[in-house]
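Input: a single structure, listed below in structure tokens.
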Amino acid sequence: MLQIETILCRAGKMDNYSYIIHDSLNHVTAVVDPSETAPIANRLQKLNLSPQYIFNTHHHFDHTDANLAIKELYNAKIVGNIDDAHRIPGIDISLSAEQTYTATPTEIFVTPANTSTDFTFQIIDVSAHTIGHVLYYFPQSKALFTGDTLFNLCIGGLFEGSIEQMYTALQKIKKLPSDTLFYPGHEYTFGGAHEAYLFCNGNQHIQQYLSKAQKRLQQGLPAGPMTIAEETLCNPYLAAPSLEEFKKLF
């Protein structure tokens, strides 16, 4: 199983989440969406880890601002979607969406059918928030990094894509195993709480969700991760049964 460390960046401003993911068996470490150098470097030092890779879900500055600094500090290679490569600072490895890859300490390669390690991952195209936005899904660890597509109780804004594209993107997430844990790009839980509470009619599912999130946040932890099953019960955008119902949420 991957070791996953959540780092709050731009605290009180944009409340970004960056992540350190580490496979101790295969000695592979990556940083997901490095927003701010200092908190990430400090956590890497405490963990005694040096990342070989930087994974970007999309090009927005608050997910890539520390790309070049982390790259220089650790000689890490920056990884992103080939369709967004022209907008990702310092990109070294351009990968195609809807493919499965495996990372070693020195190489990322298209995964043969019989290969599966903790650092085997799928890249899922969810163009909507931006065109070229992708998710990183690690089936072995049931971990999904959603960037600015899916947050706790809400979703990302449509900067470049359409409502139809966002609906399609969320259907891809819903098709993943229900016990998959998702790791969002921002702490927006209580920004979406009121709408989600009304949508759920205050039922026990939303009450349990908010209680769990509040307890974790009060302890200085992120609200999640939550499972896709939990999120589908409580997030109005993920729960929408049809495109027509989804459009009513905008």
Residue in the stretch 221-228 that is surrounded by fewer than 14 Cβ atoms within 10 Å (Cβ to Cβ), at negative phi and at pLDDT below 95 present: yes
Hits in the stretch 124-146 - residues which are open to solvent by less than 10 Å² (accessible area, probe 1.4 Å) and of a type in the set (D, E, K, R): none
The stretch 93-123, residues that are surrounded by fewer than 15 Cβ atoms within 10 Å (Cβ to Cβ) and of a type outside the set (Val, Ile, Thr): Ser96, Glu98, Gln99, Pro105, Glu107, Phe109, Pro112, Ala113, Asn114, Ser116
Subset tally (residues that are assigned to a helix (DSSP H, G or I) and either open to solvent by less than 50 Å² (accessible area, probe 1.4 Å) or not β-branched (Val, Ile, Thr) (or both)) for the stretch 153-174: 11
Which numbered condition Thr232 misses (of (1) open to solvent by less than 60 Å² (accessible area, probe 1.4 Å); (2) in a helix (DSSP H, G or I); (3) farther than 25 Å from Thr57 by Cα): (3)
Cross-chain or 6+ apart pairs with Cβ under 6 Å, the stretch 232-250 first and polar (S, T, N, Q), then surrounded by 12 or more Cβ atoms within 10 Å (Cβ to Cβ): Thr232/Leu238; Thr232/Ala239; Asn235/Leu153
Yes/no for Glu195 being open to solvent by 10 Å² or more (accessible area, probe 1.4 Å), farther than 30 Å from Ser24 by Cβ, among the acidic types (Asp, Glu) and modelled with pLDDT of 95 or more: no
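The values are calculated or read from the model by the stated rules, or taken from the named source; none is laboratory data. None of these values were measured; they are calculated from a predicted model. Cβ: placed from backbone, ideal geometry, glycine included. Neighbour counts: every protein chain shown. All accessible areas refer to the heavy atoms of the entire protein, side chains included, with ligands and DNA or RNA removed. Shrake-Rupley method; radii C 1.70, N 1.55, O 1.52, S 1.80 Å.
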